[in-house]
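**Q** Handing you this structure, nothing more for now.
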Amino acid sequence: MTQDPQARPSTGDALISIRDVTKFYGDFQALKDIDLDIHRGEVVALIGASGSGKSTLCRCINRLETITSGTITIDGKPLPEEGKELAKLRSEVGMVFQSFNLFGHMRAIDNVTLGPIKVKGVAKAEAEKQAMDLLARVGLTGKEHNLPSALSGGQQQRVAIARALAMQPKALLFDEPTSALDPEVIKEVLDVMTELAEAGMTMLVVTHEMGFARHVCDRVVFMDSGEIVEQGEPEAFFAAPSSDRARAFLSKILAH
Ligand code: ADP
Ligand code: MG
């Protein structure tokens, strides 16, 4: 095959590249030699028992935590330490938390416009127009002027997703986005996430929703005790996990 200089490198098109990353909290090692690439448009489920280091990994990618050693690059650029570059990175990699983290005193629309106006300098009218479109996209037309306290948990989480999208991120990290929700509203949040995945958004999703991991994600990454123990295509992973630790984990969560 002839070489096309315009072709993407054969090493793959990693948007998020994590190499030899370790993280200590004091003496405690929360991440051990993590190597992980997330490619453009890829949707990766990050699963594992409580305390295995999933949130820590997400927080390190978004630089909410510092890493002890190793490198993380986003779109080829290393994570900035602080200042303007860090704010830019945070806008490029959105994060959605279990606890929504909306500003309680601000209406849905103001939660969505805050970042674009404050961080990106978007004009208020333009930011509001965009926020109306995003809130419509997550199924919240008519709720734009509600305070978070006047929204259900599922609606609040969808505002949080619209807020993340408003920054036009290159990738989205979700840390157990449905774990704090009542069962009947979990689906409305997963549906929005499924639409984002189908639209080509690059996503890393910490989740206990094995149906979502299996049917929506391109790859499952299983962590235990701060390590990536195994990873693979969802069908193969769920049908026949190769490690004892993954088998033990799956038998616990799928037992009931
Ligand atoms: P998970 O999200 O998989 O439940 P975490 O990343 O939250 O796991 O935690 C991984 C480990 O690191 C746990 O043992 C937890 O107690 C520890 N840990 C997390 N955050 C801190 C912190 N700020 N200080 C000390 N230890 C922490
Ligand atoms: Mg966690």
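**Q** Every residue in the range 57-114 that is more than 16 Å from ligand 1 (Cβ to nearest atom), of a type in the set (S, T, N, Q) and touching a residue at least 60 places away in the same chain (Cβ under 8 Å), please.
**A** The one that is more than 16 Å from ligand 1 (Cβ to nearest atom), of a type in the set (S, T, N, Q) and touching a residue at least 60 places away in the same chain (Cβ under 8 Å): Ser91.
**Q** Can you work out which of the residues in the range 206-226 that are under 14 Å from Leu172 (Cβ atoms) and within 14 Å of ligand 2 (Cβ to nearest atom) is nearest to the chain's Cα centre (by Cα)?
**A** Only one residue tops the list, namely Val206.
**Q** For the range 212-228, how many residues are surrounded by 16 or more Cβ atoms within 10 Å (Cβ to Cβ), in contact with a Gly (Cβ under 8 Å, 6 or more places away or on another chain) and either among the basic types (Lys, Arg) or not in a strand (DSSP E or B) (or both)?
**A** 2
**Q** When only residues in the range 129-186 that are part of a loop (DSSP other than H, G, I, E, B) and of a type in the set (S, T, N, Q) count, which is least open to solvent (accessible area, probe 1.4 Å)? Steps first, answer last, please.
**A** Of the residues in the range 129-186, the ones part of a loop (DSSP other than H, G, I, E, B) are 138-147, 151-152, 167-170, 176-182.
Now narrow it down to the ones that are of a type in the set (S, T, N, Q): 141, 146, 152, 168, 178-179.
Values: Thr141: 100, Asn146: 38, Ser152: 46, Gln168: 128, Thr178: 8, Ser179: 54 Å².
If we take residues in the range 129-186 being part of a loop (DSSP other than H, G, I, E, B) and of a type in the set (S, T, N, Q), then Thr178 is least open to solvent (accessible area, probe 1.4 Å).
**Q** How about the range 202-211: which of its residues are under 22 Å from Ser99 (Cβ atoms) and open to solvent by 30 Å² or more (accessible area, probe 1.4 Å)?
**A** Hits for the range 202-211 are His208, Glu209.
**Q** Then there is this: Please enumerate the residues belonging to the range 20-48 that are within 7 Å of ligand 1 (Cβ to nearest atom) and either among the aromatic types (Phe, Trp, Tyr) or within 18 Å of the chain's Cα centre (by Cα) (or both).
**A** As a first pass, look at the range 20-48 and keep what is within 7 Å of ligand 1 (Cβ to nearest atom): 25-26, 28, 30, 48.
Passing the criteria: Tyr25, Phe28, Gly48.
**Q** Could I ask something else about it? Show me the strands (runs of 3 or more DSSP E) found entirely inside the range 17-122 where at least 1 residues are away from ligand 2 (no atom under 16 Å from the Cβ) and loosely packed, with under 14 Cβ neighbours inside 10 Å. Steps first, please.
**A** Values: elements: 28-39, 43-47, 69-74, 93-97.
Filter on the range 17-122 gives 28-39, 69-74.
The values are calculated or read from the model by the stated rules, or taken from the named source; none is laboratory data. Fair warning: this is a prediction, and the values are worked out from it, not measured in the lab. Virtual Cβ from ideal backbone geometry, glycine too; neighbours counted across all protein chains shown. Each accessible area value is taken on the protein alone, full model and side chains, heavy atoms only, with ligands, DNA and RNA left out. Shrake-Rupley method; radii C 1.70, N 1.55, O 1.52, S 1.80 Å.
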